[in-house]
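To start, the structure under review is shown below, and the notes come after it.
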Amino acid sequence: MYRYDEYDQQIVDERVKQYRDQVQRRLSGELTEEEFLPLRLQNGLYMQIHAYMLRIAVPYGLISSKQMRMFAHIARKYDRGYGHFTTRQNIQFNWLKLEDTPDILADLASVEMHAIQTSGNCVRNITSDEFAGVAQDEVVDPRPYAEILRQWSTFHPEFAYLPRKFKIAISGGKEDRAAVYAHDIGLSVTKNAQGEIGFRVLVGGGLGRTPIIGSEICEFVPWQHILTYVESILRIYNQYGRRDNKYKARIKILVKALGIDEFKRQVEADWADLKDGPGTLTSEEVNRVATFFTDPAYEKLTDHDSQLNEFKADSRSFSNWMLRNVKAHRVPGYAIVVLSLKKPGSVPGDATAEQMEVIADLADRYSLGELRITHKQNLVLADVRQKDLIRLWQEATAQELTAPNIGLLTDIISCPGAEFCTLANARSIPLAQLIAERFEDWDFQHDIGEISLNISGCVNACGQHHIGNIGITGVEKKDHDEWYQVSLGGAEGNLSSIGKIIGPSFTFNQVPEVIDRLLQVYLRERLEAESFIDTVRRIGHAPFKEHVYTTDFAVAEEETADKHVVAPARYSVPYFSPRF
Amino acid sequence: MIIKNKTIVADDWTVLRLNEQESAENVTVAEGKVIVPLQVWLQQRDALQQRAEIGVWLASAERPEDLKGDIHKFSVIAVDFPKFSDGRGYSIAYNLRARLGYAGELRAIGDVLRDQLFYMQRVGFDAFATRPDRNIEDALKGLTDFSEVYQTSFDQKLPLFRRVQRKGNPVVDMANE
């Protein structure tokens with residue numbers, strides 16, 4: 001993986017110094033909260049309901065075991081012993097004190113990490129394919145370009161106060177695993193007929209209040225020009241993106257208002273001036289960065305270990321895990337292992353300090369000391385020898401990291417929801433737990449097969465509900481009760497689509513029953529080997545809607561002394577959101 | 001006092017801001033060194049260009065291309081930041097410098113505070129009228145927050161990777177030699 005040189009380290013160290021001074025000025029009252037807000041936001045620091053939340057950048061989701069141990073240290077020393085991995089491949093700590101945050105950043109800088117631009121209206125952490133470099137369908141390894149873009153966007157002076165946040169994703173496989181259609185800029189690195197490397201550039205995708213699938217602005221931008229092309233897109237957006245209404249400020253609204261053709265014309269008029277200028281990438285720089293992503297010294301091994309097959313026959317849990325959590329590696333005798341952070345009953349994406357340390361040890365022993373964070377909030381060991389799989393499974397099972405549910409119903413994406421976030425209308429995590437517990441049965445989940453269930457506590461869509469096969473959104477209603485809308489037919493990947501709301505919203509306790517009814521229709525209607533989303537696409541929404549709404553819900557409402565105060569057992573503070 | 005060329009200097013320019021009763025056409029521009037709104041310049045161009053020294057300022061929604069052809073007539077061009085978070089002024093400055101070739105004083109006015117100065121100087125500002133309720137000596141420190149940058153902008157024509165010899169992965173570099 002990429003290692004800092006003296007320049008990278010200096011920039012990050014100077015950032016710690018700058019930020020420490022900003023915090024000092026805030027604490028002394030020299031800066032008002034209003035003035036401090038954009039400064040802390042450029043550094044991933046949010047003021048949430050109970051405490052400050054810090055989002056740490058994990059560039060394109062790739063970290064070392066040493067960095068993972070630093071997360072464990074931060075969790076113990078400054079937080080409540082755990083952290084939360086996010087859908088943008090970062091990690092968040094939820095219980096911090098403002099005065100501690102400069103020290104946390106100094107700790108992070110000591111392992112080549114930072115929290116730069118993890119929030120605020122600037123270019124955010126670049127995300128990428130969690131299987132980059134090891135996927136069988138990879139055309140070009142996106143990681144060197146992701147790192148080059150990370151450096152280019154870090155403290156870009158012109159684009160730090162954009163109309164709204166700006167997210168870039170980059171993928172390099174035939175199958176898109178980076179949700180490039182749902183980003184402000186989505187890049188697919190590929191090769192043309194002559195074998196030259198370049199980027200298919202999508203622009204104006206995004207979720208949030210107005211979900212839009214990105215439009216192609218250029219079919220093929222040669223690799224040399226990618227930085228200047230992206231610069232021109234950002235310059236047009238910075239000048240003309242709407243700033244009068246925060247909900248219409250994302251680039252997707254500008255692209256829609258101008259039309260993709262006019263937007264492209266403006267971008268390329270700006271770009272004409274930069275093309276072939278000094279901002280053009282050099283092969284020396286690409287090659288230099290690529291030296292950090294070359295193949296490790298793989299052993300010469302063969303697939304199909306006989307011991308594995310024997311063990312699979314003996315253990316149902318192991319064979320289920322092999323089926324769902326172990327993916328094909330492009331090198332014979334190796335495998336990609338996904339550690340699930342979605343054991344039913346747990347909080348999606350949460351890991352304790354102890355789990356982080358065990359995970360770091362597993363990475364050291366079984367996967368060359370590296371890890372990836374997935375946009376579905378799980379963790380990946382990318383280079384595991386197949387002959388180590390049994391031992392790895394046994395050790396990871398002891399830490400509850402082997403729920404065999406990757407890509408299944410309980411592999412739920414969830415935002416933190418109203419217990420933490422001031423924006424949310426409703427709780428997300430307890431709902432994810434309720435659903436996961438109801439459908440915990442592994443045989444049932446494996447029978448349902450591939451399906452995605454995404455939950456957001458509000459329309460801002462941090463839980464990416466629009467691209468879930470089933471999407472759940474907390475909606476605001478009178479009385480400030482919790483209500484949830486259910487949408488159907490969303491998908492990510494090459495066939496990305498935005499889900500459609502099936503009808504009137506539901507209460508917290510009705511949602512699992514709604515999902516059960518949707519699944520009943522699927523089980524009734526599916527053709528052989530047809531996935532849930534394929535059935536939805538073939539038969540349409542009508543049969544699902546009909547079945548969900550025909551019969552009344554006989555679910556008893558949650559009994560609490562005061563419905564405005566719900567105390568989730570996991571967090572030892574009274575739950576009270578100002579929004580309720 | 002303003003910051004100009006990294007030092008604190010006295011300033012004798014006046015920024016003209018129109019009130020609701022005034023119009024760009026009819027407002028009387030005082031004698032002396034005045035920085036007028038773009039609209040006033042466009043409406044009263046014939047008279048104003050007779051002056052020995054004149055400045056103009058752009059609002060964040062205005063286009064620097066509107067000054068094309070007139071660029072050399074100004075002793076100072078200012079860009080207004082109505083609030084900290086409005087970043088259009090950064091692209092306006094970049095375009096004035098890099099595209100329109102403006103070489104005179106480029107001044108940031110409005111909600112200009114210490115923590116924006118580093119970025120502002122990178123896109124081409126060389127003068128900063130920082131908010132009067134804040135200590136200007138303190139603001140000066142904002143210009144030196146970082147000693148190295150990755151990307152090109154107006155201040156730095158070459159990206160880091162073209163300026164210095166950066167090291168690749170030592171393990172792989174050794175294997176290649």
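Annotation note: of B:Asp86, B:Asp133, B:Asp155, B:Asp80, the sole residue that is out of contact with any Cys (no Cβ under 7 Å at 6 or more places or on another chain) and not in a loop (DSSP other than H, G, I, E, B) is B:Asp80.
Residues in the range B:160-177 that are in a helix (DSSP H, G or I) and closer than 23 Å to A:Thr228 by Cα were compared, and the one that is nearest to the other protein chains (Cβ to nearest Cβ) is B:Phe161. Criterion applied to A:Ala257, A:Ala297, A:Ala269 was being within 30 Å of B:Gly87 (Cβ to Cβ) and within 14 Å of chain B (Cβ to nearest Cβ), and the one residue passing it is A:Ala269. State which residue is nearest to A:Ala272 (Cα to Cα) when the search covers only the range B:44-77 and only residues that are assigned to a loop (DSSP other than H, G, I, E, B) and within 14 Å of chain A (Cβ to nearest Cβ). In this case the residue turns out to be B:Arg63. Any residue at all in the range A:134-141 that's more than 8 Å from every other protein chain (Cβ to nearest Cβ) and outside any loop (DSSP other than H, G, I, E, B)? So far as the range A:134-141 goes, yes, one or more of its residues are more than 8 Å from every other protein chain (Cβ to nearest Cβ) and outside any loop (DSSP other than H, G, I, E, B). None of A:Val486, A:Val511, A:Val521 is farther than 30 Å from A:Ala178 by Cβ and surrounded by 15 or more Cβ atoms within 10 Å (Cβ to Cβ) except A:Val521. When the residues of the range A:41-60 are filtered to those that are more than 11 Å from chain B (Cβ to nearest Cβ) and assigned to a helix (DSSP H, G or I), which remaining residue is surrounded by the fewest Cβ atoms within 10 Å (Cβ to Cβ)? Looking at the filtered set, the residue picked out is A:Pro59. Would you check which residues across the range B:137-159 are at the interface with chain A (Cβ under 7 Å from one of its Cβ atoms) and either surrounded by fewer than 19 Cβ atoms within 10 Å (Cβ to Cβ) or more than 25 Å from B:Tyr102 (Cα to Cα) (or both) and list them? Hits for the range B:137-159 are B:Asp145, B:Phe146, B:Ser147, B:Glu148, B:Lys157, B:Leu158.
Each residue in the range B:92-118 was checked for being over 10 Å from B:Phe154 (Cβ atoms), facing another protein chain (nearest Cβ under 9 Å) and surrounded by 24 or more Cβ atoms within 10 Å (Cβ to Cβ), and 3 of them qualify. Of the listed requirements (1) within 14 Å of chain B (Cβ to nearest Cβ); (2) assigned to a helix (DSSP H, G or I); (3) small (Gly, Ala, Ser); (4) surrounded by 14 or more Cβ atoms within 10 Å (Cβ to Cβ), A:Ser319 misses just one: (1).
Taking A:Gln194, is it within 14 Å of chain B (Cβ to nearest Cβ) and farther than 18 Å from A:Trp152 by Cβ? Spelling it out, it is not the case that A:Gln194 is within 14 Å of chain B (Cβ to nearest Cβ) and farther than 18 Å from A:Trp152 by Cβ.
Rule-based calculations on the coordinates, nothing more; no lab input. Here the structure is a predicted model, which is why all the values come from computation and not from measurement. Cβ: placed from backbone, ideal geometry, glycine included. Neighbour counts: every protein chain shown.
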